[in-house]
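S.K.: Handing you a structure now.
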Amino acid sequence: MSRTLAKYWAIFKTQLVHSLSYPADLLSRSLTIVLFLWIFSHLWAAAYESAGQERISGLSRRDTLWYLMIAEVIVLSRPRLAGAIAEGVKDGSIAYLLNRPYNFLLYQAGVGLGDSALRLLCNLLAGGALTWIMVGPPPDLGHWSLVLVAIAGAWAIDFCVGAMIGLLAFVAEEVSAFEWIYSKLTFILGGLLVPLDFFPDWLRTVSGYLPFAYIVYGPARCFVDPDQGRFMGLFAGQAFWLVLLGGLLCLGYRRSVAHLNINGG
């Protein structure tokens, strides 16, 4: 067991070092979150001013900006897993990976985590600094450990969905359309662009049961409102979707490998 964990830990560290070799990529993503948050700050300032209220749906302008900061960090830090798997199928390198002495899915998890860790840290520092300057300190830093656990759960759910989309390349090869659909569902139903609190009641209820909300909305909302009951509901929902999506991913992987048609070398 320890040897198995050491194997994937080594993969994670290798990818982490690889990510450090491309500081321009890290910088560009940090600049992206700064630009997005600067635009959002002006949009929401206008929205709260036009509403003539300090709080909308229970959220102040400060809460909304800190919510959006965490939401952007989660989305901008995730790896483009589906595209990477699809490229491996197209050029034939997937055959090399499948024949290596490790589990293909765990290998992708190690690579993806190593790719995400530095991005998350850089985005968190850049986005947090700007948000602090614009609207003041975050609501409560005493629950950071729970928020990080929630972000880890969100990453795991996103990994399962991204890997399943990538596995479609084993039979369909091109998955960019599926990636686009998933990203837009995450943006809207996940609460990236607008917190679910501002949705109509029926849409907020439906969105709250979908996995997208547990990837973006749940962790970000718990950050600005660290209620114990909210955390427990979030962790329970994330656990449910991880079990369900993890099972579907394993099943899909076995079937995809059986139908693999490589067009590369």
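S.K.: Going by the alpha-carbon gyration tensor, a ≥ b ≥ c the square roots of its eigenvalues, is the range 1-54 rounded (a/c under 1.5) or, if a/c is not under 1.5, prolate (a/b greater than b/c) versus oblate?
M.R.: Numbers: a/c = 10.34, a/b = 2.56, b/c = 4.04.
Judged from the Cα gyration tensor, the range 1-54 comes out oblate (a/c at least 1.5, b/c at or above a/b).
S.K.: What does the C-alpha gyration tensor say about the overall shape of the range 23-258? Classify as rounded when a/c is under 1.5, otherwise prolate if a/b is larger than b/c, or oblate.
M.R.: In terms of gyration-tensor shape, prolate.
S.K.: Still on this structure, please answer the following. Taking only complete DSSP H runs, can you tell me which helices of the chain stretch 30 Å or more along their own long axis by Cα positions and average at least 0.0 on the Kyte-Doolittle scale? Write down the numbers at each step before the final one.
M.R.: Details: long enough: 23-51 (42 Å, 0.94); 104-135 (44 Å, 1.27); 144-167 (34 Å, 1.93); 228-258 (45 Å, 0.88).
Those that clear 30 Å and a mean of 0.0 are 23-51, 104-135, 144-167, 228-258.
S.K.: For S116, S30, which order do you get if you count the other beta carbons within 10 Å of each Cβ and list the fewest first?
M.R.: Working: S116 24, S30 21.
The fewest-first ordering by Cβ neighbours comes to S30, S116.
S.K.: Determine the distance separating the Cα centre of the range 88-126 from the Cα centre of the range 140-183; give it in Å without decimals.
M.R.: 13 Å
S.K.: What dipole magnitude, in Debye to the nearest 20, does the range 23-258 give about its Cα centre under +1 on Lys/Arg Cβ and -1 on Asp/Glu Cβ? Walk me through the intermediate numbers first.
M.R.: On the way: 15 positive and 17 negative charges, 67 e Å.
Rounded to the nearest 20 debye, it is 320 debye.
S.K.: Order of C160, C122 from fewest to most other C-beta atoms within 10 Å? Present the calculation step by step, with values, prior to reporting the outcome.
M.R.: Details: C160 24, C122 21.
Fewest to most other Cβ atoms nearby, the residues stand as C122, C160.
Rule-based calculations on the coordinates, nothing more; no lab input. No experiment lies behind these values; they were computed from the predicted model shown. FYI the Cβ positions are ideal-geometry reconstructions off the backbone, even for glycines, and counts take in every protein chain you see.
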